[in-house]
Amino acid sequence: MTTAPAFIFDFDGLLVDTESTVLRAWREQFAVYDLAFPLEVWHRYIGSKGSQEAMLAALRSSGIAFEDTKFLGEFRERHNGIVRDEFLREGVEAFLDAAAAAGSKLAVASSATRDWLDEHLDRLAIRGRFAAVCARDNGRVKPAPDIYLAALQALSGTAANAVAFEDSPNGIAAAKAAGLYCVAVPNPVTTDLPLDQADLRVGSFAELTVSGLVERLRTAPGYAAANVQAPAP
């Protein structure tokens with residue numbers, strides 16, 4: 001029986017470069033207070049959660065007086081105004097088409113909130129491409145493996161026959177903890193972060209083919225070659 005591999009995608013920074021947009025929004029928000037943005041602190045939270053609390057803590061340490069709700073409201077309004085013009089990254093749409101044509105089940109596994117994912121998957125008109133969308137309400141956020149494990153369960157898939165796509169160290173750690181083969185597709189914000197835990201790194205989805213990934217998956221430790229065959233290119 002031929003079984004195509006499942007493909008599980010992070011969302012922010014991977015399918016859409018929201019990492020660059022949120023970084024721009026944070027920089028602009030800190031500039032309102034004439035403060036340098038704490039980039040190294042923010043890097044730690046990419047792919048996980050807690051960045052807003054960390055930014056508030058950084059602002060408090062500066063001695064500037066501010067009100068949390070007002071500051072975050074200004075930031076969110078700023079980011080929403082920027083991100084609405086951001087669309088799918090290079091090669092994403094073509095790869096999703098090829099994966100669907102090969103018979104692969106697709107899922108999103110993100111540390112983002114469900115309403116954020118629903119809003120932007122609908123805005124980009126790609127929600128219907130995914131058999132499952134798993135968010136932070138599906139368990140502990142990355143680097144814990146919970147959200148990837150929830151996606152596997154939703155797809156009735158196995159880690160040995162699935163590929164995760166990530167753009168951050170936290171996301172890669174989560175995918176590997178779930179036992180998945182992981183492809184790193186960094187964006188301009190994450191390209192210099194340590195992504196060496198990934199099994200493969202590419203510059204964009206335009207460099208990937210379904211058949212090429214299946215060939216790599218066949219040779220990965222734990223791949224059930226006797227029970228799973230590759231789809232046609």
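The values are calculated or read from the model by the stated rules, or taken from the named source; none is laboratory data. Just so it is clear, the model here is predicted, and its values are computed rather than measured. A quick note on method: Cβ atoms are made from the backbone with ideal geometry, for glycine too, and the neighbour counts reach across all protein chains shown.
A few comments on the model shown:
- Test: residue in the stretch 50-70 that is closer than 30 Å to GLY179 by Cα, of a type in the set (S, T, N, Q) and surrounded by 14 or more Cβ atoms within 10 Å (Cβ to Cβ): yes
- For ASP10, the conditions (1) touching a Phe, Trp or Tyr at 6+ places or on another chain (Cβ under 7 Å); (2) free of Cβ contacts under 8 Å to residues at least 40 places away in the same chain are fulfilled apart from (2).
- Residue match in the stretch 112-121 (condition: assigned to a loop (DSSP other than H, G, I, E, B) and assigned by TED's automatic domain parsing to the domain that holds ALA175): yes
- Summed over the stretch 13-61, residues that are free of Cβ contacts under 8 Å to residues at least 12 places away in the same chain, farther than 21 Å from ARG136 by Cα and of a type in the set (Asp, Glu) total 2.
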